[in-house]
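Q: Before I ask anything, here is the structure I am working with.
The values are calculated or read from the model by the stated rules, or taken from the named source; none is laboratory data. Everything numeric here is computed off the predicted structure, so don't read it as measured data. Ideal geometry is used to build each Cβ from the backbone, glycine not excepted, and the neighbour counts take in all protein chains shown.
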Amino acid sequence: MRQILVAGNWKMNGSTASIASLLDGIKAGMDKVQGNVSVAVCPPFVYLQQVASALEGSKIAWGGQNVSSEASGAFTGEIALDMLKDFACHYVIIGHSERRSLYGESDEIVADKYAVVRAGGLKPILCVGELLEEREAGQTEAVVAKQLDAVLARNGVEALADGVIAYEPVWAIGTGKTASPEQAQEVHAFIRAKIAKQSQEVADKVQILYGGSMKPGNAADLLAKPDIDGGLIGGAALKAEDFLGICTAA
Ligand code: PEP
């Protein structure tokens, strides 16, 4: 039985004050979240210290939204894995579609980042997913397969066993359009079957989250699907009530 993970991606949102109240709200509702559900939040880097102090000793983990593939040096504006470790991060989101489309991250860069996160002992949350035109052209599986293949080629299948994959159809991110539970399950099953061709054991173990306008109202139906092991949540992670609504629907 795989553990469910609900992870909030706060993107470039929040302030010291709003994050303090969001964390208070989430912590206050955690007693209603069942034992097989783990919860994590990924704030902007500059708030990691605040989040780490507020969540230390709680059941909520935290992580970064990105990491450099380099260890240190002249890389202005970048954040190294060791820096995330300094703030006791547990997870790092890798290859979010916004990183791929707005900042030019290729499948190869994402695969390198996956390796860096694992080598540092943290858990990557690897995002994959297709654009609307790719779905409409019947290319969803080919696109997701290519994104996964780069990580598999660089890291080997065993590297996925303790990682997390987030299937995030790009057309559903921040748009209010959610993939139907059937559409999501179809791609999740494809991902698991693809991994199973290399290792059934890894396929059984890897957590595959869904991301794309998941909300309290649609979470239960999505999470009821056999291959959906949780959610990566953007907009709805910014309100304690909504985020907890998803955590308790799981
Ligand atoms: C995301 O950005 O990872 C995401 C799933 O966003 P949203 O929930 O707002 O669609």
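Q: For M214, work out the one condition from (1) surrounded by 20 or more Cβ atoms within 10 Å (Cβ to Cβ); (2) within 15 Å of the ligand (Cβ to nearest atom); (3) not in a loop (DSSP other than H, G, I, E, B) it doesn't fulfil.
A: Status for M214: all satisfied but (3).
Q: Those residues that are farther than 25 Å from K11 by Cβ and at pLDDT below 95, I need them from region 162-220; list them, please.
A: D162
Q: While we're on this one: Determine if region 116-137 includes at least one residue that is surrounded by fewer than 24 Cβ atoms within 10 Å (Cβ to Cβ), hydrophobic (A, V, I, L, M, F, W, C), outside any strand (DSSP E or B) and within 16 Å of the ligand (Cβ to nearest atom).
A: Checking region 116-137: at least one residue is surrounded by fewer than 24 Cβ atoms within 10 Å (Cβ to Cβ), hydrophobic (A, V, I, L, M, F, W, C), outside any strand (DSSP E or B) and within 16 Å of the ligand (Cβ to nearest atom).
Q: Just to check your reading of the model, which residue among V37, V33, V51, V6 is at pLDDT 95 or above, within 16 Å of the ligand (Cβ to nearest atom) and under 21 Å from K123 (Cβ atoms)?
A: V6
Q: Regarding R100, is this residue within 16 Å of the ligand (Cβ to nearest atom), in a helix (DSSP H, G or I) and surrounded by 16 or more Cβ atoms within 10 Å (Cβ to Cβ)?
A: Against the criterion (within 16 Å of the ligand (Cβ to nearest atom), in a helix (DSSP H, G or I) and surrounded by 16 or more Cβ atoms within 10 Å (Cβ to Cβ)), R100 qualifies.
Q: Then there is this: Filter the strands (runs of 3 or more DSSP E) completely within region 1-82 down to those with at least 2 residues that are among the β-branched types (V, I, T).
A: Output list reads 4-9, 37-42.
Q: Let me ask something else about it. Scan region 219-244 for residues that are within 13 Å of the ligand (Cβ to nearest atom) and either among the β-branched types (V, I, T) or more than 15 Å from G174 (Cβ to Cβ) (or both) and report the count.
A: Final tally of qualifying residues: 5.
Q: Could you please give the count of residues in region 27-76 that are surrounded by fewer than 16 Cβ atoms within 10 Å (Cβ to Cβ), polar (S, T, N, Q) and within 18 Å of L209 (Cα to Cα)?
A: Number satisfying all stated conditions: 2.
Q: What tally of residues in region 146-203 results from selecting those that are within 16 Å of the ligand (Cβ to nearest atom), part of a helix (DSSP H, G or I) and aliphatic (A, V, I, L, M)?
A: Within region 146-203, residues that are within 16 Å of the ligand (Cβ to nearest atom), part of a helix (DSSP H, G or I) and aliphatic (A, V, I, L, M) number 4.
Q: Please state which of the following conditions I79 fails to meet, knowing it meets all the rest: (1) crowded, with 21+ Cβ neighbours inside 10 Å; (2) touching a Gly at 6+ places or on another chain (Cβ under 8 Å); (3) closer than 30 Å to S53 by Cα.
A: Answer for I79: the failing condition is (1).
Q: Oh, and also: May I ask you to list the residues in region 78-99 that are touching a helix residue (DSSP H, G or I) at 6+ places or on another chain (Cβ under 7 Å) and farther than 23 Å from I173 by Cβ?
A: L81, F87, A88
Q: Residue check, E130 against (1) farther than 21 Å from A179 by Cα; (2) in contact with a Ser or Thr (Cβ under 6 Å, 6 or more places away or on another chain), all met but one. Which one?
A: (1)
Q: So the check is Cβ under 7 Å with 6+ separation or different chains; which pairs have a first residue in region 219-235 that's touching a residue at least 60 places away in the same chain (Cβ under 8 Å) and outside any helix (DSSP H, G or I) and a second one that's of a type in the set (D, E) and within 16 Å of the ligand (Cβ to nearest atom)?
A: Matching pairs, first to second residue: L232/E168.
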